[in-house]
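The values are calculated or read from the model by the stated rules, or taken from the named source; none is laboratory data. Owing to the predicted nature of the structure, the values given are computational and were not obtained by experimental measurement. Counting neighbours? That spans all protein chains shown, and the Cβs are built from the backbone with ideal geometry, glycine included. We work out accessible area using only protein heavy atoms, side chains counted, and drop any ligands, DNA or RNA first. Shrake-Rupley method; radii C 1.70, N 1.55, O 1.52, S 1.80 Å.
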Amino acid sequence: MSDTTPAPQGDQPQPGIFRVVNQYIKDLSFENPNAPLSAQSGAKPDISLEVNLGARGLGEDFPLGKDFYEAELSISATAKEKDSDTVIYVVETNYAGLFQIQNVPQQHIGGVLLVDCPTLLFPFARQVVADAVRNGGFTPLMLEPMDFAGMYRQKVAQEQAAAQNGTVPEVGNA
């Protein structure tokens, strides 16, 4: 059987490459400030959650080459007793991945880094958080799936509005 796929021509765009090279915990912290009393409470705590996204190109000097990027997902959760400021636990992680991205138009790189990359990283970061909370003596914190595309659209809309108003966009949640 012969291969009938035409060879790519010099003027045809090459297909994009998006590959996870590695993923890793950059930072992990679990605090149980009122142990051992905090573990005795059977009440469901109030949880406040903060999620931040970040990404950066690693540049020409990166040993593997210029087409490598790091995307980072930061998750912080604080559990407090209901109707109280008493902290039960705090868990924080920065979970990141090294990605190779080639032949993707520059105007789409932001979306890849702040939507596709965190979408791939989230299940693993979620597990890190759940395990840390469980290992701290509590019921595992199972984070709900996140809409990274919606977060990105909101970020782009805020940047566009800020540019039209001549203000500096707020740094923080992506």
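See the values below:
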read-out	value
The chain, helix-only ellipticity at 222 nm - DSSP H runs n ≥ 4, -39,500 (n - 2.57), divided by all residues, nearest 500	-8000 deg cm²/dmol
For the range 139-153, Karplus couplings with θ = phi - 60° (6.51, -1.76, 1.60), whole Hz, Gly/Pro x	5, x, 8, 9, 6, 6, x, 10, 8, 5, 5, x, 4, 5, 4
Virtual spin-label span in nm between residue 156 and residue 85, 7 Å along Cα→Cβ	4.1
Amide H partners (placed H, <5 Å) of residue 88, local residues excluded	79, 80, 81
Given charges at Cβ of Lys, Arg, Asp, Glu: the range 33-174 dipole, positive-most of 164, 138, 105	138
Residue-by-residue Karplus 3J(HN,Hα) for the range 79-89, coefficients 6.51, -1.76, 1.60, Hz, glycine and proline x	9, 10, 4, 4, 6, 8, 9, 6, 7, 8, 7
Over the chain, relative contact order from alpha-carbon pairs under 8 Å, at least 6 apart, %	24
Aspartates and glutamates whose Cα lies under 20 Å from that of residue 26, excluding same-chain neighbours fewer than 8 positions away	50, 70, 72, 92, 116, 131
Heavy-atom accessible surface of the chain: percent carbon and sulfur, 1.4 Å	51
Listed residues 132, 162, 79, most fluctuating in the chain (Gaussian network, C-alpha, under 10 Å)	162
The chain - accessible surface per residue (Å², probe 1.4 Å)	64
Semi-axis lengths (Å, descending) of the ellipsoid that matches the C-alpha gyration tensor of the chain	39, 21, 14
Nearest-20 debye value, the chain charge dipole, Cβ charges on Lys, Arg, Asp, Glu	240
Centroid-to-centroid separation of the range 50-99 and the range 116-136 [C-alpha atoms, Å]	10
Helix 117-135 axis, angle to the chain major axis (alpha carbon atoms, nearest 10°)	20
